[in-house]
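S.K.: Quick one: the structure is below, and I'll ask about it shortly.
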């Protein structure tokens, strides 16, 4: 049975500030409304897996309470692989009614449809697309890759990165400050985020890139001492961003590209660019008893029943941890109130 912890976090609205139990929020930048966006922590479960399950760095919804998860591991516990799981979660007091298990999954093939060699990828995120999956790799081999659906996810193609992102000794994607998360928007648009700045950029100047006929690119400014761990699309302009710091320090931000400087094509950032406006909707500083683990990725869950007299809708959010095969894989649940 899952373990529940409650704590106090802060509700920050544009018109004022208040303190509520287990809740953090912001005023909606997306809906032209004073309705605060609320993220309420509800529960924690532990994923029981198979011997090769662990080091989970990405999660995404593939059906009603069904999820795909990807592992950073390539070689030690097996080939590059993903897993599928059914979550038993009920909104309200029940939370997780049982710990999730692994009921399927498959392998990820690289160029030439051969398994990636050990050490040739460090998978950091996965999202479902209309034709299969998009995955990102960080570390020493950074790429954004389209894969087919099915238990053998064949290679389709890699998406081309801007010139400023291509790794070199003095510029480009920089190891653990490189690709860390991927989002798929309502129109199927793919966005990726870096953990921090490119080699030539200030360390906190992470970049958010959306692929298209003309790519768009914005600065996401991380908190000092934190790095971006994942990004999740809310709509065409707004995102949730997961940040993590040393120890158990974790925050979830609502961020928007509206009002931010477009930096596409810039080889270097000065640090003076106007970043994406952001506001915390959850922070572990207010939940001292919550053992978060090494948070790594987020996924939307199901919408909760619509109550037409309310000026918001509620949707479940799940955050998964990367245990690096050294402990349990935790899944934390939140209920996020979104203005209509």
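The values are calculated or read from the model by the stated rules, or taken from the named source; none is laboratory data. This one's a predicted model, so the numbers in the text were calculated from it and none came from an experiment. Cβ: placed from backbone, ideal geometry, glycine included. Neighbour counts: every protein chain shown.
S.K.: Check 326, 272 and return the single one that is under 23 Å from residue 70 (Cβ atoms) and surrounded by fewer than 17 Cβ atoms within 10 Å (Cβ to Cβ).
M.R.: Answer to the selection: 326.
S.K.: Of all residues being in a loop (DSSP other than H, G, I, E, B) and surrounded by 18 or more Cβ atoms within 10 Å (Cβ to Cβ) in the range 60-73, which is nearest to the chain's Cα centre (by Cα)? Just the residue, please.
M.R.: This residue is 72.
S.K.: Among (1) over 23 Å from residue 331 (Cα atoms); (2) in a loop (DSSP other than H, G, I, E, B), where does residue 92 come up short?
M.R.: (1)
S.K.: Provide a single number: the residues in the range 52-102 that are touching a residue at least 40 places away in the same chain (Cβ under 8 Å) and closer than 19 Å to residue 297 by Cβ.
M.R.: 29
S.K.: Looking at the range 113-131, I want the residues that are under 19 Å from residue 189 (Cβ atoms) and have a partner that is at pLDDT 95 or above and surrounded by fewer than 13 Cβ atoms within 10 Å (Cβ to Cβ) with Cβ atoms under 8 Å, at least 6 apart or on another chain. Which pairs are those?
M.R.: Here the result reads 129/188; 130/188, each pair linking the range 113-131 to a residue that is at pLDDT 95 or above and surrounded by fewer than 13 Cβ atoms within 10 Å (Cβ to Cβ).
S.K.: OK, next. Can you go through 290, 338 and tell me which one is crowded, with 16+ Cβ neighbours inside 10 Å, at negative phi and touching a helix residue (DSSP H, G or I) at 6+ places or on another chain (Cβ under 8 Å)?
M.R.: Of 290, 338, the one residue that is crowded, with 16+ Cβ neighbours inside 10 Å, at negative phi and touching a helix residue (DSSP H, G or I) at 6+ places or on another chain (Cβ under 8 Å) is 290.
Okay, residues lined up against (1) surrounded by 16 or more Cβ atoms within 10 Å (Cβ to Cβ); (2) at pLDDT 50 or above; (3) farther than 24 Å from residue 234 by Cα; (4) within 23 Å of the chain's Cα centre (by Cα):
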| site | (1), (2), (3), (4) |
| --- | --- |
| 19 | no, no, yes, no |
| 22 | yes, no, no, yes |
| 27 | yes, no, no, yes |
| 33 | no, no, no, no |
| 37 | yes, yes, no, yes |
| 48 | no, yes, yes, yes |
| 52 | yes, yes, yes, yes |
| 58 | yes, yes, no, yes |
| 75 | no, yes, yes, no |
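S.K.: Which condition breaks for residue 120 when tested against (1) in a loop (DSSP other than H, G, I, E, B); (2) under 20 Å from residue 241 (Cβ atoms)?
M.R.: (2)
S.K.: Here's something else I'd like to know. Any idea which of 184, 152 is on the phi < 0 side of the Ramachandran plot, under 18 Å from the mean Cα position of the chain (by Cα) and touching a residue at least 24 places away in the same chain (Cβ under 8 Å)?
M.R.: Going through 184, 152 in turn, the sole match is 184.
S.K.: Answer with yes or no whether residue 179 is more than 20 Å from residue 57 (Cα to Cα), buried (at least 23 other Cβ atoms within 10 Å of the Cβ), in contact (Cβ under 8 Å) with a residue 24 or more places away in the chain and under 21 Å from the mean Cα position of the chain (by Cα).
M.R.: no
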